[in-house]
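J.: Quick one: structure below, then a few questions.
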Amino acid sequence: MDIVILAVVIAVVVLGAIGGLVVGTRRKKALPPPPPATPDITAPPAEPHVGDEAETPREEPRRTIEEVDLPDGGVPVTVEEPPVQELPVPVIEVPEPTAGRLIRLRARLSRSQNALGKGLLTLLSREHLDEETWEEVEDTLLTADVGVQPTQELVERLRERVKVLGTRTPQELRGLLREELLTLVGTDFDRTVKTEPEGRKPGIVMVVGVNGTGKTTTTGKLARVLVADGRTVVLGAADTFRAAAADQLQTWGERVGAHTVRGPEAGDPASVAFDAVKEGKELGTDVVLIDTAGRLHTKTGLMDELGKVKRVVEKHAPLDEVLLVLDATTGQNGLVQARVFAEVVDITGIVLTKLDGTAKGGIVVAVQRELGVPVKLVGLGEGADDLAPFEPEAFVDALIGD
């Protein structure tokens, strides 16, 4: 019994100790303070200022608009405006008249061409004209690019006339040679550039040729020839494949006041040609000159496109002239080019460029015989007015010299 009582007492003591320990621990934990009735708001720090703004703002006296002194109304206030830059006005040149251009340039032509005439006169002046001499005459003519058939014809006529003439003075020989060369060159061709169709405007001229012959330059110079004769001109820059060809043609046109119709680079040449003729009709222009893209006469596709340009232009009106530009220094190769171009477009006239250089005068005869069309214009230099209408008499006189 005592043991039971002792156990109960021990249990009560242990429970009391544990309860005191728990109460003591709770008292040691501090409860958080209650929140204040009004929270304290701390203002953010002011942004830094520079210079005068760092100071505390001060009250400054303010004036009303009535107190502000305004400028005296009697003194005008001048406001300077920036100067207006005026675009430079293109200078319109006045080309020299075409009458007698070839005669004026005769001296230049004769310096480079009269080897043919002088060579023939020297041979014909020999006391005895044997077969060897006549062979030399033939060689001289062939070297000058006259061509085989025309050379044979000329030699035969010369032999007959020299035989009949008998005694030959230098003056008689010169006259004889002049007559025969004129017959060979041809004086019965109509060498007028057709730009005045009856009953309509404008006259339409298309310029064709291979690259490097001076085609675009010739077109620009021809515009000068027409303007010098009192005609108005529209230029069609249908050479859209050669870089800067349109710019080059436009520059030529601006120098004489001719308008240039052009299209995008690598655009359709036929479209540009069509628009040029259309604009020429709307403006009442006398002549439309169309510069076509340079063609390789061995490239069928390019030549077909040239035929397309011709067909498109003729939807407006028939072409009055198709001028083939040939480099006179190319000799027989130029004849090959001429033959192929004539098959694609109907060539009506020939322009020989660089005739003042190393070209042989006989190319005039050969190309006319090849195509059956006349040489109408010749280029005698790089000057703007060095394109001249071809005059057979002046040309032959330059060949044989004075």
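J.: Taking only the range 349-365 into account, find how many residues are touching a residue at least 60 places away in the same chain (Cβ under 8 Å) and within 18 Å of Asp188 (Cβ to Cβ).
T.: Of the residues in that region, 3 qualify.
J.: Let me ask something additional. Taking helices (runs of 4 or more DSSP H) that fall entirely within the range 283-402, which contain at least 2 residues that are touching a Lys or Arg at 6+ places or on another chain (Cβ under 8 Å) and closer than 23 Å to Ala228 by Cβ?
T.: 392-400
J.: Got a number for residues in the range 231-256 being assigned to a loop (DSSP other than H, G, I, E, B) and of a type outside the set (Val, Ile, Thr)?
T.: The total comes to 6.
J.: A further question on this structure: Conditions first: (1) touching an Asp or Glu at 6+ places or on another chain (Cβ under 8 Å); (2) at pLDDT 65 or above; (3) in a loop (DSSP other than H, G, I, E, B); (4) of a type outside the set (S, T, N, Q). Leu102 passes all but one, so which condition is the exception?
T.: Exception for Leu102: condition (3).
J.: I want to confirm something. Restricting to the range 219-259 and keeping residues that are of a type in the set (S, T, N, Q) and surrounded by fewer than 23 Cβ atoms within 10 Å (Cβ to Cβ), which single residue is modelled with the lowest pLDDT?
T.: Applying the filter and picking the extreme gives Thr240.
J.: Looking at the range 118-156 only, could you name the residues that are closer than 19 Å to Gly361 by Cα, open to solvent by 60 Å² or more (accessible area, probe 1.4 Å) and at pLDDT below 85?
T.: Lys118 - this is the single residue of the range 118-156 that is closer than 19 Å to Gly361 by Cα, open to solvent by 60 Å² or more (accessible area, probe 1.4 Å) and at pLDDT below 85.
J.: Just name the residue that is surrounded by the most Cβ atoms within 10 Å (Cβ to Cβ) out of those in the range 198-214 that are at pLDDT below 90 and in contact with a strand residue (DSSP E or B) (Cβ under 8 Å, 6 or more places away or on another chain).
T.: Gly209
J.: A further question on this structure: Within the range 323-345, which residues are of a type in the set (Asp, Glu) and either over 23 Å from Met206 (Cα atoms) or open to solvent by 40 Å² or more (accessible area, probe 1.4 Å) (or both)?
T.: Glu343
J.: Do you know which of the residues in the range 346-391 that are surrounded by fewer than 19 Cβ atoms within 10 Å (Cβ to Cβ) and closer than 20 Å to Gly294 by Cα is modelled with the lowest pLDDT?
T.: Glu382
J.: Right, here's the next one. Look at the range 239-287 and say how many of its residues are in contact (Cβ under 8 Å) with a residue 24 or more places away in the chain and farther than 24 Å from Glu93 by Cα. Full working, then the answer.
T.: Of the range 239-287, the ones in contact (Cβ under 8 Å) with a residue 24 or more places away in the chain are 239-242, 245, 248-249, 251-281, 283-287.
Filter once more, keeping what is farther than 24 Å from Glu93 by Cα: 239-242, 263-275, 277-278, 281.
Matching residues across the range 239-287 total 20.
J.: Which residues, counting only those in the range 166-215, are part of a loop (DSSP other than H, G, I, E, B), in contact with a Pro (Cβ under 6 Å, 6 or more places away or on another chain) and among the β-branched types (Val, Ile, Thr)?
T.: Across the range 166-215, the qualifying residue is only Thr187.
J.: If I ask for residues that are under 19 Å from Thr218 (Cβ atoms) and modelled with pLDDT under 85, which ones from the range 265-305 would you list?
T.: Answer for the range 265-305, where residues must be under 19 Å from Thr218 (Cβ atoms) and modelled with pLDDT under 85: Ala293, Gly294, Arg295, Leu296, His297.
J.: Condition check: of a type in the set (Lys, Arg), in contact with a helix residue (DSSP H, G or I) (Cβ under 8 Å, 6 or more places away or on another chain), at pLDDT 80 or above and open to solvent by 40 Å² or more (accessible area, probe 1.4 Å). Does Lys315 satisfy that? Give the derivation first.
T.: Details: of a type in the set (Lys, Arg): yes; in contact with a helix residue (DSSP H, G or I) (Cβ under 8 Å, 6 or more places away or on another chain): yes; at pLDDT 80 or above: yes; open to solvent by 40 Å² or more (accessible area, probe 1.4 Å): yes.
Yes, satisfied.
J.: Determine, yes or no, whether Leu173 is more than 26 Å from Leu306 (Cβ to Cβ), touching a residue at least 12 places away in the same chain (Cβ under 8 Å), among the hydrophobic types (A, V, I, L, M, F, W, C) and surrounded by fewer than 22 Cβ atoms within 10 Å (Cβ to Cβ).
T.: Against the criterion (more than 26 Å from Leu306 (Cβ to Cβ), touching a residue at least 12 places away in the same chain (Cβ under 8 Å), among the hydrophobic types (A, V, I, L, M, F, W, C) and surrounded by fewer than 22 Cβ atoms within 10 Å (Cβ to Cβ)), Leu173 qualifies.
J.: Looking for whichever is assigned to a helix (DSSP H, G or I) and modelled with pLDDT under 85 here; the options are Arg111, Arg159. Which one fits?
T.: Only one candidate passes the filter, namely Arg111.
The values are calculated or read from the model by the stated rules, or taken from the named source; none is laboratory data. A quick note: this is a predicted structure, and the numbers were derived from the prediction, not measured. All Cβ positions, even for glycine, are placed from backbone atoms using ideal geometry, and neighbour counts span all protein chains on display. These accessible areas exclude ligands, DNA and RNA; they are computed on the full protein's heavy atoms, side chains included. Shrake-Rupley method; radii C 1.70, N 1.55, O 1.52, S 1.80 Å.
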